[in-house]
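The values are calculated or read from the model by the stated rules, or taken from the named source; none is laboratory data. Just so you know, these numbers come straight off a predicted model, no measurement behind them. A quick note on method: Cβ atoms are made from the backbone with ideal geometry, for glycine too, and the neighbour counts reach across all protein chains shown. We work out accessible area using only protein heavy atoms, side chains counted, and drop any ligands, DNA or RNA first. Shrake-Rupley method; radii C 1.70, N 1.55, O 1.52, S 1.80 Å.
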Amino acid sequence: MRDFVLERPRSISEVLDTLQRHGNKAMVKSGGTDVIVWLHKSIKEPDYIVDLTAVEQLKGIVVNEDNVEVKALVTLNEVIGDDSLNRYFPALVQACKAHSDPLIRNRATVVGNVCAAVPSGDMIAPLVCYDAKVEITGPNGSRKVPVSEFITGPKRTSLGTDEIVTGIRIALPVVETSGCYLKAIRREALDIAQAAVCCTLFKGDNREFRIAFCAVSARPLRATEAEKLLNSCSNIDDEVIDQAAELAADAVDPITDVRASREYRVEMIAELTRRAISRCLERPAGEGVHK
Ligand SMILES: Cc1cc2nc3c(=O)[nH]c(=O)nc-3n(C[C@H](O)[C@H](O)[C@H](O)COP(=O)(O)OP(=O)(O)OC[C@H]3O[C@@H](n4cnc5c(N)ncnc54)[C@H](O)[C@@H]3O)c2cc1C
């Protein structure tokens, strides 16, 4: 591992000053569960690590009148333990529980998972289903970008080298909702997804299913054809669920790698989609509604 200088700014403005000074020689670190691995393996060799963990402004889950802000240093275990997030965004909580193990979850952040932009990142599909916005701050001010646009490719985002993500904001649901995140892994222990599916259901008058995937596309992807079918059917029986699952499998374009073949991933997407839709329909009414 190459030597680097550790910077520990204490405010967002100090972070931005530090990034301005070091340009593309710097790398931001939150929980470090990706960054430290990359440094050890010399996958990344920055001259400066800008550690955000001393910045109080980046800590906490804030429930506002019509949205929730998950700030940049919020760990997966904090999400799992938060009553509001359990109530309103169950699929996000399930994705956090499906991630790694309790020790890693104590360090790993939701925002770090999104910024790493790895196709197998567990946070991405639920955040896409909940239409979450990434909040970015840089020398020219702040901007908000949907997660689906923030990630521009494998390990690529629209973040500038002089910007950081300060948090993720999700609108509170105004109708009853249910959600389900299902992940296929090689063994019943710590592992990255072979494939995963997130399904959310917003009940109300205009019932809406949203389905997104993990580990089967280069960028965040929704199963738009499957969603259209489900959203247009008044009676969703097993036949409709099977059709939606096949449409979901048609939508993905996975690769073959050490974790699974392309063919296996496609089959798993169909099966996980089938189960996720069924579970959303089984969930009791009243779950997730804010107003
Ligand atoms: C043993 C092990 C098991 C794992 N299992 C899983 C798993 O099951 N599922 C999964 O999805 N991932 C897994 N991971 C990967 C990793 O834990 C996650 O991606 C994690 O959520 C990253 O969060 P972090 O806070 O540790 O990010 P960091 O390592 O601190 O940073 C990750 C990336 O995001 C950038 N970044 C972080 N915060 C910000 C910010 N606020 N603004 C701008 N850029 C930022 C960093 O520069 C870096 O590029 C695993 C890792 C390990 C070591």
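Details
- Among the residues of the range 193-227, those that are in a loop (DSSP other than H, G, I, E, B) and of a type in the set (D, E, K, R) comprise Lys203, Asp205, Arg207, Arg219.
- Residues of the range 32-46 that are open to solvent by 40 Å² or more (accessible area, probe 1.4 Å) and either closer than 17 Å to Val5 by Cβ or more than 7 Å from the ligand (Cβ to nearest atom) (or both): Ile36, Trp38, His40, Lys41, Ser42, Ile43, Lys44, Glu45.
- Checking the range 56-63 against the condition returns a match, with at least one residue being within 22 Å of Val28 (Cα to Cα), open to solvent by 50 Å² or more (accessible area, probe 1.4 Å) and away from the ligand (no atom under 12 Å from the Cβ).
- In the condition set (1) under 26 Å from Arg156 (Cα atoms); (2) touching a residue at least 60 places away in the same chain (Cβ under 8 Å); (3) in contact with a strand residue (DSSP E or B) (Cβ under 6 Å, 6 or more places away or on another chain), Ser217 is compliant with all but (3).
- Residues of the range 79-91 include none that is under 9 Å from the mean Cα position of the chain (by Cα), under 24 Å from Thr152 (Cα atoms) and in a helix (DSSP H, G or I).
Matching residues to (1) more than 25 Å from Tyr181 (Cα to Cα); (2) modelled with pLDDT under 95; (3) not assigned by TED's automatic domain parsing to the domain that holds Ser13:
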| position | (1), (2), (3) |
| --- | --- |
| Asp34 | no, no, no |
| Val37 | yes, no, no |
| Asn67 | no, no, yes |
| Leu76 | no, no, yes |
| Ala91 | no, no, yes |
| Gln94 | no, no, yes |
| Lys97 | no, no, yes |
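- Of all residues in the range 134-167, those that are open to solvent by less than 60 Å² (accessible area, probe 1.4 Å) and assigned to a strand (DSSP E or B) total 16.
- Yes/no for Asp122 being farther than 19 Å from Thr161 by Cα and either out of contact with any Gly (no Cβ under 9 Å at 6 or more places or on another chain) or more than 10 Å from the ligand (Cβ to nearest atom) (or both): yes
- Within the range 174-187, at least one residue is within 10 Å of the ligand (Cβ to nearest atom), over 29 Å from Arg21 (Cβ atoms), surrounded by fewer than 20 Cβ atoms within 10 Å (Cβ to Cβ) and not assigned by TED's automatic domain parsing to the domain that holds Asp66.
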